[in-house]
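Structure record follows, encoded as structure tokens.
The values are calculated or read from the model by the stated rules, or taken from the named source; none is laboratory data. These numbers were taken from a predicted model, which means no experiment stands behind them. All Cβ positions, even for glycine, are placed from backbone atoms using ideal geometry, and neighbour counts span all protein chains on display. Each accessible area value is taken on the protein alone, full model and side chains, heavy atoms only, with ligands, DNA and RNA left out. Shrake-Rupley method; radii C 1.70, N 1.55, O 1.52, S 1.80 Å.
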Amino acid sequence: MSVRKRYAVAASGRWTDEGDNVRLPAGEVHAWEQGMNQTVCGLSLSRSRLDRFPHVTWTDVIPESGGAADRVQRLCPRCASVAGRRGADARPRWRRTNPRP
């Protein structure tokens, strides 16, 4: 069984939720592993001027989740292919029920 990594978020912009006073991502969003200096797709965080959001998980910025995705304009397609577009509790899309010998 594979272990799913938990990815944090790096984004091109930020905004502050007035109700909670929490920084949230805006603009183009990338998946990021904490402790690394680059996104999952290979962009350097400092050279690309991306803000880190270690308190926001990747599944929260997917537009269907409705979590912190209020001002997210674009998900990086390369990061989405690695980190996934579905939540962590989603089932696999298909399963072989009668495998060939």
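Could you check residue 77 against (1) in contact with a strand residue (DSSP E or B) (Cβ under 8 Å, 6 or more places away or on another chain); (2) open to solvent by 30 Å² or more (accessible area, probe 1.4 Å); (3) not hydroxyl-bearing (Ser, Thr, Tyr) and say which number it fails?
Condition not satisfied by residue 77: (1).
Tell me whether the range 56-69 contains one or more residues that are part of a loop (DSSP other than H, G, I, E, B) and at pLDDT 90 or above.
No, the conditions are met nowhere in the range 56-69.
Working only within the range 82-92, note down all residues that are modelled with pLDDT of 60 or more and over 16 Å from residue 62 (Cβ atoms).
Hit for the range 82-92 is 92, nothing else.
Could you list, in sequence order, the residues of the range 1-55 that are open to solvent by 90 Å² or more (accessible area, probe 1.4 Å), touching a residue at least 12 places away in the same chain (Cβ under 8 Å) and assigned to a loop (DSSP other than H, G, I, E, B)?
Of everything in the range 1-55, those that are open to solvent by 90 Å² or more (accessible area, probe 1.4 Å), touching a residue at least 12 places away in the same chain (Cβ under 8 Å) and assigned to a loop (DSSP other than H, G, I, E, B) turn out to be 4, 5, 6, 34, 49.
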